[in-house]
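J.: To start, I am sharing the structure in question, which I have written as structure tokens.
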Amino acid sequence: MGPTGVLERRARIARLLEPRTGERRRRLLLSARHALVVVLVVGASIVGAYGVLDTYDETRQLSVGQIELSADPGSAGALDLYVPLVDWGVRFEDVIRLPIRLNVDLRTVDRSVVSRVAQGGTLDLQDVRDEARDAIAAYLLKLIGFALVGALALGILVAFAVRHHSSPRLRYTVAAAALTTTAIGVALIVLFPPRGTFDEPQYYAFGPDIPRALDAVEAAQQSTLALDQELDAQLVGLARLVADPAGRVTLADRPTITIASDLHNNFLAKPILDRATGDNPLFFAGDLTDRGSPLEARLVSQVTALGDPFVFVSGNHDSDSLQRDLARRDAVVLTQYGRLNPDGTYGDRIVDIDGLRVAGYSDPFERRSSENFRDRYQPAPTPAQQDAFTAWLMPLIGEVDVVMVHEPALFEPALAILQDDPPDRPLVIVTGHTHEASLELYPGVTVVNGGSVGAGGTGNLTESTDYALARLIYTTEPEFQPLAADLITIDPGDGSSSARRERLEGEPEP
């Protein structure tokens with residue numbers, strides 16, 4: 001066969017193969033079109049479920065108030081409990097295994113329940129938990145049901161909308177919508193409901209001024225002016241009852257410090273602390289936070305602006321990183337090694353605060369950032385820890401006017417030594433931890449515990465604890481002498497206040 005014959009043969013073969021190649025291309029295009037239609041239907045089903053999850057919310061009434069439940073798809077899986085009134089919330093991560101955040105917002109609070117608890121009444125927390133659990137479960141059932149309806153409806157709607165002679169048969173696209181809806185349902189039912197432990201809360205806030213709730217309570221029950229007037233009237237009345245007032249040193253225009261501790265993140269107490277402190281120094285004897293975490297440090301940063309200055313020693317609920325943060329905010333942070341500087345170094349062991357020579361001792365159980373702020377607290381300090389404090393304090397006797405330390409049990413042996421051998425110069429020990437305001441007088445030594453300015457803290461629901469703080473009135477002329485101490489308590493329920501003033505001049509009987 002010559003060259004011409006070969007060319008003709010190849011041409012005939014090409015003409016025979018051309019229909020097969022065109023058919024293959026048409027089939028590939030048709031398969032791609034079918035796949036695209038199925039993807040559109042599946043995507044529509046997912047969008048339908050997402051839209052319901054993102055828009056459906058529900059309000060439920062509990063015995064303690066009204067909550068609003070909603071979901072936020074596309075966020076890291078978490079359970080958020082949020083109180084819009086005070087712009088403060090707590091988040092539990094890793095309890096939801098889908099990228100959906102479940103929000104529980106406390107919208108209203110039953111006044112009778114709050115009043116009952118504040119006045120020492122009881123609250124069955126288990127009943128409240130059961131109510132909340134049932135409300136969340138009912139909401140999730142509805143939400144998942146509506147999400148499945150939305151997924152199936154939008155998927156079928158798109159299946160009909162894209163129906164064409166070149167598209168897959170309708171039964172296949174509807175089946176794709178149904179299968180996608182089933183998969184979404186299985187994922188929501190298995191992975192959405194919160195599960196696991198709820199022992200690692202993360203506190204957060206959105207607004208710049210957290211304690212709005214206190215203003216709302218005062219507006220509803222009692223004005224700030226009336227509260228201040230009642231407090232001042234009681235203090236004046238008590239001062240007039242002191243025996244032999246003519247023989248006492250006048251307290252007018254004397255320097256004053258405010259003594260507080262154990263806020264435990266309860267920012268509702270900030271206005272009370274602000275009014276009580278004014279432009280005077282604020283001595284804070286530990287437990288400003290609950291864990292001392294960086295988030296809590298940011299939340300309590302406004303408290304450090306109170307007082308001129310804000311003087312701090314750590315408690316067992318504070319941390320080393322919190323102290324560094326406070327030092328960077330110009331707070332006077334005292335430790336047994338000296339004043340903590342913003343760069344982490346230590347300055348003088350004794351600092352001058354409005355004419356007072358002050359030293360402080362960090363709590364031995366304070367938390368550490370290197371240990372993820374784990375709880376290191378023990379019911380009582382060890383003898384070695386008590387001996388370390390005594391060895392630190394004794395050389396300072398006569399050189400210092402005020403010593404700050406969070407845990408009263410830490411200085412018990414030192415106090416026993418001072419009772420046997422009273423100091424020549426007055427010494428005031430500022431402490432906290434017990435959540436009970438107290439004033440103890442010994443020869444040459446005054447121990448002041450302001451109680452809990454946070455009324456026990458944000459986690460206190462059942463313990464009947466008042467907002468409590470103290471004020472110390474003193475003179476530095478010709479030398480330091482504590483003149484009087486005020487122990488002040490304010491009922492968080494009705495705003496009523498009480499105060500006790502004790503004159504401190506002179507030596508009490510041993």
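The values are calculated or read from the model by the stated rules, or taken from the named source; none is laboratory data. Everything quoted here is computed from the prediction, not taken from an experiment. Using ideal geometry, Cβ is built from the backbone for each residue, glycine included, and neighbour counts are taken over all protein chains shown.
J.: From the list Val114, Val190, Val149, Val174, pick out the single residue that is under 26 Å from Phe92 (Cα atoms), modelled with pLDDT of 85 or more, of a type in the set (A, V, I, L, M, F, W, C) and assigned to a helix (DSSP H, G or I).
T.: Going through Val114, Val190, Val149, Val174 in turn, the sole match is Val190.
J.: Another question, if that's okay. Does Val217 satisfy being at pLDDT below 60 and assigned to a helix (DSSP H, G or I)?
T.: Taking the combined requirement at face value, the residue satisfies it.
J.: While we're on this one: What residue, of Gly506, Gly493, is closer than 24 Å to Leu356 by Cα and at pLDDT below 65?
T.: Matching residue, one of Gly506, Gly493: Gly506.
J.: Being at pLDDT below 85 and either in a strand (DSSP E or B) or surrounded by fewer than 15 Cβ atoms within 10 Å (Cβ to Cβ) (or both): is that true of Glu479 here?
T.: no
J.: A follow-up question, please. Look through Glu477, Glu407 and report the one residue that is over 20 Å from Val311 (Cα atoms), charged (D, E, K, R) and in the same structural domain as Gln378 (by TED's automatic domain parsing).
T.: On inspection, the qualifying residue turns out to be Glu477.
J.: Could you grab me the full set of residues in region 348-376 that are exposed (fewer than 14 other Cβ atoms within 10 Å of the Cβ) and part of a loop (DSSP other than H, G, I, E, B)?
T.: Asp348, Gly355, Arg368, Asn372, Arg374, Asp375
J.: Given the conditions (1) outside any strand (DSSP E or B); (2) buried (at least 19 other Cβ atoms within 10 Å of the Cβ); (3) aliphatic (A, V, I, L, M), which single one is not true for Met404?
T.: Met404 satisfies every listed condition except (1).
J.: Could you grab me the full set of residues in region 377-394 that are in a helix (DSSP H, G or I) and small (Gly, Ala, Ser)?
T.: Matches in region 377-394: Ala384, Ala388, Ala391.
J.: On the given criteria, is Val158 under 47 Å from the mean Cα position of the chain (by Cα), modelled with pLDDT of 80 or more and not in a loop (DSSP other than H, G, I, E, B)?
T.: yes
J.: To continue, here is another question. Thr465 passes all but one of (1) surrounded by fewer than 18 Cβ atoms within 10 Å (Cβ to Cβ); (2) among the polar types (S, T, N, Q); (3) in contact with a Ser or Thr (Cβ under 9 Å, 6 or more places away or on another chain); (4) more than 20 Å from Arg501 (Cβ to Cβ); which number fails?
T.: The failed condition is (1).
J.: Another question, then. Taking into account only those residues within region 283-321 that are of a type in the set (A, V, I, L, M, F, W, C) and at pLDDT below 95, which is nearest to Glu407 (Cα to Cα)?
T.: Leu288
J.: Another one. Any residue in region 335-358 that is of a type in the set (Ser, Thr, Tyr) sitting within a Cβ distance under 8 Å of a residue that is assigned to a loop (DSSP other than H, G, I, E, B) and surrounded by 14 or more Cβ atoms within 10 Å (Cβ to Cβ)? List the pairs, counting only those 6 or more apart or interchain.
T.: Thr335/Val313; Thr335/Ser314; Thr335/Ser362; Tyr337/Arg349
J.: Follow-up question, since we're still on this one. Look through region 407-424, keep the residues that are assigned to a loop (DSSP other than H, G, I, E, B) and in contact with a strand residue (DSSP E or B) (Cβ under 8 Å, 6 or more places away or on another chain), and return whichever of them is farthest from Arg349 (Cα to Cα).
T.: Once the filter is applied, the top-ranked residue is Pro422.
J.: Just give me the residues in region 28-65 being of a type in the set (D, E, K, R), part of a helix (DSSP H, G or I) and modelled with pLDDT of 80 or more, in sequence order.
T.: Passing the criteria: only Asp54.
J.: If you don't mind, another one. Select from region 297-315 the residues that are buried (at least 24 other Cβ atoms within 10 Å of the Cβ), in contact with a Ser or Thr (Cβ under 9 Å, 6 or more places away or on another chain) and closer than 14 Å to Val351 by Cα and list them in ascending order.
T.: Phe312, Val313
J.: Counting only residues that are in contact with a helix residue (DSSP H, G or I) (Cβ under 9 Å, 6 or more places away or on another chain) and either touching a residue at least 40 places away in the same chain (Cβ under 8 Å) or β-branched (Val, Ile, Thr) (or both), how many does region 427-437 have?
T.: Going through region 427-437 one residue at a time, the tally reaches 5.
J.: Looking at region 395-405, is at least one residue within 26 Å of the chain's Cα centre (by Cα) and under 21 Å from Ile259 (Cα atoms)?
T.: Yes, because at least one residue in region 395-405 is within 26 Å of the chain's Cα centre (by Cα) and under 21 Å from Ile259 (Cα atoms).
J.: Right, something else. In region 248-264, which residues are part of a loop (DSSP other than H, G, I, E, B) and modelled with pLDDT of 85 or more?
T.: Across region 248-264, the qualifying residues are Arg254, Pro255, Ser261, Asp262, Leu263, His264.
J.: Give the residues of region 82-101 that are modelled with pLDDT of 80 or more and over 23 Å from Gly48 (Cβ atoms), sorted by residue number.
T.: Val95, the sole residue that qualifies.
J.: While we're on this one: Count, please, the residues in region 369-413 that happen to be small (Gly, Ala, Ser) and in contact with a Phe, Trp or Tyr (Cβ under 8 Å, 6 or more places away or on another chain).
T.: Number satisfying all stated conditions: 0.
J.: In addition: Can you report the number of residues in region 416-426 which are in contact (Cβ under 8 Å) with a residue 12 or more places away in the chain and farther than 26 Å from Pro478 by Cα?
T.: So the answer is 1.
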